[in-house]
Amino acid sequence: PCHFKDIQSLTTFADYRIPQLLRHLGVLRYDDDLSSKVDSKQELMAGSMDELYIRASTVVAVEKLVQLVRDELLSMCRASDDGVGVVEDGEGGDENEKKMMKTKCKILADDVSAVKLDWYLWNLGEQMDREGKLGPHHRVRTIFY
């Protein structure tokens, strides 16, 4: 078994499914030329600017999504500190409970990573593809992924 101590430093795997899903969701937008190539299932040259654009923009997009998720979790924690949101047992709780909740929120936010988001997005993409909800993905003949 692997016990990574630095998995947070890994980024997303920019293969084909994640960019396909991010494009479908409107997170990535291709220019007309690249859209036409992908939509017509034209094979892209390995190492071409088109391929590099897709892969690099996927990595950047997922990193930004990770930060957005972290920020949202921390914002939700701050809102609960201000008395907004759900508190267990319908009471405000004592200071120790609030500190514990704040610590749990921080741990949860820190646990969000590109690798974990990649896993979630990849599974969502697989499901949506099986249901016929995704358009074509880019095609590159390569041994590197």
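The values are calculated or read from the model by the stated rules, or taken from the named source; none is laboratory data. Keep in mind it's a predicted model, so treat the numbers as computed, not measured. With ideal geometry, Cβ positions are generated from the backbone for all residues, glycine too; neighbour counts draw on all protein chains shown. Heads up: the accessible areas ignore ligands, DNA and RNA and are worked out on the full protein's heavy atoms, side chains in. Shrake-Rupley method; radii C 1.70, N 1.55, O 1.52, S 1.80 Å.
General observations
- Scanning region 108-145 for residues that are open to solvent by less than 80 Å² (accessible area, probe 1.4 Å), over 14 Å from the mean Cα position of the chain (by Cα) and modelled with pLDDT of 95 or more gives Glu126, Met128, Asp129, Gly132, Leu134, Gly135, Pro136, His137, His138, Arg139, Val140.
- Listed by first and then second residue, the pairs with beta-carbon distance under 6 Å, at least 6 apart or on different chains, first residue in region 39-54 and among the β-branched types (Val, Ile, Thr), second part of a helix (DSSP H, G or I), are Ile54/Pro19.
- Of all residues making up region 61-80, the number that are open to solvent by less than 80 Å² (accessible area, probe 1.4 Å) and free of Cβ contacts under 8 Å to residues at least 40 places away in the same chain: 8
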